[in-house]
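Engineer: Got a structure here, written out as structure tokens. Questions coming.
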Amino acid sequence: MALDLGISQSDALWRPMTQYRTAPAPLLIERGDGCFVWDTHGNRYLDAMSGLWCVNVGYGRHEIARAAGEQMARLAYASPFRPAPVTLELAGTLARMLPGDLEHTYFTNSGSEAVETAIKIARQAQQQRFPGESRYKIIARYRAYHGWTLGSLSATGQADRKSRFEPLLGGFVHVSPAACEDCAVGAHQRCTFDPVDEIERRIRYEGAQTIAAVLAEPIIGGGGVIEPPDDYFPRLRALCDRHGILLIADEVITGFGRTGAMFGCEHWPSALPDIITLAKGLSSGYQPIGATAVSHRVFEQFYGDPGEHREFSQLSTFGGHPVAAAASLANIAIIQRERLAERSAAGGAWLKKEIAGWRHPAIAQVRGRGLMVGLELARNGKRCSEADADRVIARTKESGVLIGRNAATVSGMGNVLTLAPPLSISDAELGTLAAAVRAGLGLLED
Ligand SMILES: Cc1ncc(COP(=O)(O)O)c(C=O)c1O
């Protein structure tokens, strides 16, 4: 049934990052199936952003709905002190799936909380491993997004998301993202930028004995799909080891097949993290859930005698919720059965090749791995405007395809179009997506 909401009703809902004085009424999405969603007027769109990079298995998966419904009927809630078997089963499944020995998982309700938890675990683990030192700082990268809570936002490197809430928390040090921004827009002949050298220098200036961890997305997502060079994570891992610093991989976007591997860090198997954060694709958005998994070495820092208070004293009422756990298990079963990580690798490779083949004058770089693709819009070494990017997005929507960009991140750098469809997308649907983007880019042809 079509709803006709007046503005007074639609502003009852306070939507994020929306200026209510000028914003039109929202597009109301009421149904989804596969890669498609339908609005309340019956218009169909191919959702090439998987909601917010999260609906990895696509919409309308009844087996997930059934698993969640049956769990809700059996046991609607369990306290984290007396967890439901299904929550244990999810932790065990993650322990088997995750690379290396990331076998101990703490559950929360969102990506931000997963990052918040990782920061707190890193601080406490380092305090207990190096008593007498004060290893509390987190090194993170500019342009990266890590969440909306005060800790995860302090780690975020996007001025536009932070400026209204400053001053944020102390103890966060930012460094450049892993790839040269001038090369990205084609403005460099000879590049000497070395992002790992910069981190090494920063560690020296700050003092290694003050740093708990380096926090990094394997591939920066919402900040503009920024891929590291191949030696980045192996060198960073070695640097962290040399200084007793923990490496945290924020895999809220890159987890569960998005980049063509089950987890983004698996692209660099010699550089696995000590702590990994997960959300989004963990349940494909069918339920809110976040997770922070740690290695044995980190977990053991929390062992001690009762009077020592070495345990992790954080409690979340809904963390590890049995219904979210049941939905996540059903979602993971689909990802594994349908080999969606492989599908993502093949689909992403096709999409990138197709786009590169257009030799479009306003595309300076096509980036990403798997079905996590970014198009850097630039001409003659200068970024296209955010308004231009928005016009392309609007035209693509007119063709029935929803795409995104790195909006409200760093001033003047919101020129990267983002494509991240469900990993279950068919070849024909990928063709539809590519054709719509190409038509949208027609606006920037001359
Ligand atoms: C890399 C990364 N970390 C953390 C978050 C925060 O997740 P949430 O919005 O579920 O709190 C996001 C959200 O987009 C993200 O992309």
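Engineer: What does the C-alpha gyration tensor say about the overall shape of the range 75-131? Classify as rounded when a/c is under 1.5, otherwise prolate if a/b is larger than b/c, or oblate.
Structural biologist: Because a/c hits 1.5 or more and a/b exceeds b/c, the range 75-131 counts as prolate.
Engineer: Magnitude of the Cβ-charge dipole of the range 182-264, K/R +1 and D/E -1, about the Cα centre, nearest 20 debye?
Structural biologist: Rounded to the nearest 20 debye, it is 120 debye.
Engineer: Provide the packing ranking of 287-293, 81-87, i.e. peptides ordered by the mean count of other C-beta atoms within 10 Å per residue, highest first.
Structural biologist: Highest to lowest by the protection proxy: 287-293, 81-87.
Engineer: While we're here: Calculate, for Asp388 and Glu338, the FRET efficiency according to 1/(1 + (r/R0)^6) with r their C-beta to C-beta distance and R0 45 Å; round to the nearest 0.05.
Structural biologist: For Asp388 and Glu338, the calculated efficiency is 0.75.
Engineer: Further question on the same structure: Give, as a single signed number, the net charge of other residues whose beta carbon lies under 11 Å from the beta carbon of Ile219, with Lys and Arg counted +1 and Asp and Glu -1.
Structural biologist: Result for the local shell: -1.
Engineer: Under the Kirkwood approximation applied to all pairs of distinct alpha-carbon atoms, what is the hydrodynamic radius of the range 175-255 in Å?
Structural biologist: 13.6
Engineer: What is the diffusion coefficient of the chain in µm²/s, taking the Kirkwood radius over Cα pairs and the Stokes-Einstein relation at 10 °C with a viscosity of 1.306 mPa s?
Structural biologist: Reported coefficient: 70 µm²/s.
Engineer: Largest first and to the nearest Å, give the Cα extent of the range 350-406 along each principal axis.
Structural biologist: 28, 24, 20
Engineer: Here's something else I'd like to know. Taking the DSSP beta bridges in the range 166-290 as the whole, what percent of them are antiparallel, to the nearest 5?
Structural biologist: Bridges in the range 166-290 are about 10 percent antiparallel.
Engineer: To continue, here is another question. Any idea which of Tyr59, Pro177, Ile139 is furthest toward the positive side of the dipole for the chain, if Lys and Arg beta-carbons carry +1 and Asp and Glu beta-carbons -1?
Structural biologist: Pro177
Engineer: Let me ask another. Once amide H atoms are placed 1.01 Å from N in the peptide plane, what residues at a sequence separation of 5 or more from His104, or on another chain, have their amide H within under 5 Å of its amide H?
Structural biologist: Placed amide hydrogens put Val294 under 5 Å from His104.
Engineer: Tell me the Rg and the Dmax, in Å, that the Cα atoms of the range 226-284 produce.
Structural biologist: Answer for the range 226-284, Rg first and Dmax second: 11.8, 37 Å.
Engineer: I'd like to check one number: the per residue accessible area of the range 161-311, probe 1.4 Å, reported in Å² as a whole number.
Structural biologist: It amounts to 40 Å² per residue over the range 161-311.
Engineer: Another question about this same structure. So how far, in whole Å, is the C-alpha centre of the range 69-100 from the one of the range 257-314?
Structural biologist: If we compute the Cα centre of each part, the gap is 15 Å.
Engineer: Give the cross-link partners of Lys120 among the aspartates and glutamates, using a straight C-alpha distance below 19 Å as the criterion and excluding same-chain residues fewer than 8 apart.
Structural biologist: Within the straight-line cut-off, Lys120 pairs with Glu103, Glu133, Glu217, Asp250, Glu251, Asp274, Glu300, Glu308, Glu311.
Engineer: From zero up to wherever the largest Cα-Cα distance of the range 1-96 sits, split into 5 Å bins and tell me the percent of pairs in each.
Structural biologist: It works out to 2, 9, 13, 13, 16, 15, 13, 10, 6, 2, 0, in whole percents.
Engineer: Here is a further query. Give the aspartates and glutamates reachable from Lys137 as a straight Cα distance under 13 Å; neighbours fewer than 8 places away on the same chain don't count.
Structural biologist: Straight-distance partners of Lys137: Glu206.
Engineer: Treating each Cα of the range 259-403 as an identical point scatterer and ignoring solvent, apply the Debye formula and state log10 I(q)/I(0) at q = 0.12, 0.20, 0.22 Å⁻¹.
Structural biologist: Taken in order of the listed q values, log10 I(q)/I(0) reads -0.77, -1.28, -1.35.
Engineer: When the accessible area of the range 64-337 is computed with all protein chains present and a 1.4 Å probe, what percentage of it is carbon and sulfur?
Structural biologist: 53
Engineer: Okay, moving on. Given +1 on the Cβ of Lys and Arg, -1 on the Cβ of Asp and Glu, and no further charges, what dipole in debye does the chain carry about its Cα centre, rounded to the nearest 20?
Structural biologist: Dipole size: approximately 340 debye.
Engineer: Moving on to the next point. Okay, helix-only estimate at 222 nm for the chain: each DSSP H run of n ≥ 4 adds -39500 (n - 2.57), divide by all residues, round to 500 deg cm²/dmol; what do you get?
Structural biologist: Taken over the chain, the calculation gives -10500 deg cm²/dmol.
Engineer: Based on the alpha carbons, how large is the Rg to Rh ratio for the range 366-446 when Rh follows Kirkwood?
Structural biologist: Here the Rg-to-Rh quotient is 0.96.
Engineer: What are the DSSP H helices in the chain that stretch 20 Å or more along their long axis, judged by alpha-carbon atoms, and whose average Kyte-Doolittle hydropathy comes to at least -0.5?
Structural biologist: Span-like helices here: 322-337, 340-358, 427-441.
Engineer: On average over all directions, what projected area in square nanometres does the range 148-300 have, based on the convex hull of its Cα atoms?
Structural biologist: Directional mean of the projected Cα hull area for the range 148-300 stands at 10.6 nm².
Engineer: Moving on. Normalised radius of gyration for the range 81-169, please: alpha carbon Rg relative to 2.2 N^0.38 Å, two decimal places.
Structural biologist: That ratio works out to 1.30.
Engineer: Same structure, new question: Want the number for Arg242 to Ala407: 0.36 nm per residue separation, take away the alpha-carbon distance, what's left?
Structural biologist: Result for the pair: 55.7 nm of gain on full extension.
Engineer: Test of understanding: in a Gaussian network model of the chain with alpha carbons linked when under 10 Å, which of His146, His243, His309 would top the mean-square fluctuation ranking?
Structural biologist: His309
Engineer: Looking at the range 64-337 only, what percent of DSSP beta bridges run antiparallel? Nearest 5 please.
Structural biologist: Around 40 percent antiparallel, to the nearest 5.
The values are calculated or read from the model by the stated rules, or taken from the named source; none is laboratory data. As the structure is a computational prediction, the values presented were derived from the model and not from experiment. Backbone-built Cβ (ideal geometry, glycine too); neighbour counts: all protein chains shown. Quick note on the areas: whole protein, heavy atoms, side chains included, nothing else; ligands and nucleic acids left out. Shrake-Rupley method; radii C 1.70, N 1.55, O 1.52, S 1.80 Å.
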